[in-house]
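Colleague: Structure below; questions to follow.
The values are calculated or read from the model by the stated rules, or taken from the named source; none is laboratory data. Just so we're clear, the structure is a prediction, and the values are computed from it rather than from any experiment. Here the Cβ positions follow ideal geometry from the backbone for every residue, glycine too, while neighbour counts run over all protein chains shown. Ligands, DNA and RNA are stripped out before the accessible areas are found, and what is left, the full protein with its side chains, is counted by its heavy atoms. Shrake-Rupley method; radii C 1.70, N 1.55, O 1.52, S 1.80 Å.
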Amino acid sequence: MISKFHTAPYATQDDINDMHEEFQQLKQNYEAMCLTSTDKIKMNQYRQEYQEMKVKYAQYCPPRHNALNMLVQQNEKLVEYTKTAYDAEGTANHIQLELKHQTNKLEKIVNKNKLTQQELNESERLVNQMKTRSIVMKIITIGIILIILIGIGVIIYVKFFQ
């Protein structure tokens, strides 16, 4: 157990936490053995081993103070919040790209709509010209028919009444 902590200055916080948990387990086992053991030799041997482990633990893992625990917890929270912030930033970047893509689509649609509107205006102008020509042609046709009828009326009047 202690062997992996022989380079304590390079141990990570997780390593120190693991050692702390193992030491607490050893302490509980020792206390349980004190309550149940009747073999004095085995008890002394276990006590000696426990004391050695306790010294090594104290050497590599100084006792934790409440302030240190609070700092460790705050550091863990900061790491968690940083991860959350990076996740939020990634999501925001994704949303920004999606919005840009949709903006481009909408701009294309607006441009198509403008072209369609221009073509519709041109079509409307042409239809109005066709209607105007049709009306003019009808007026001219009615005018010619009236001239012919007047001509026929004048011919009949001259022939029968003079």
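Colleague: Is it the case, given these coordinates, that GLN118 is open to solvent by less than 90 Å² (accessible area, probe 1.4 Å) and in a helix (DSSP H, G or I)?
Modeller: For GLN118, the condition - open to solvent by less than 90 Å² (accessible area, probe 1.4 Å) and in a helix (DSSP H, G or I) - is not met.
Colleague: Let me ask something else. Yes or no: segment 66-74 includes at least one residue that is within 45 Å of the chain's Cα centre (by Cα), loosely packed, with under 10 Cβ neighbours inside 10 Å, under 30 Å from ASN17 (Cβ atoms) and not small (Gly, Ala, Ser).
Modeller: yes
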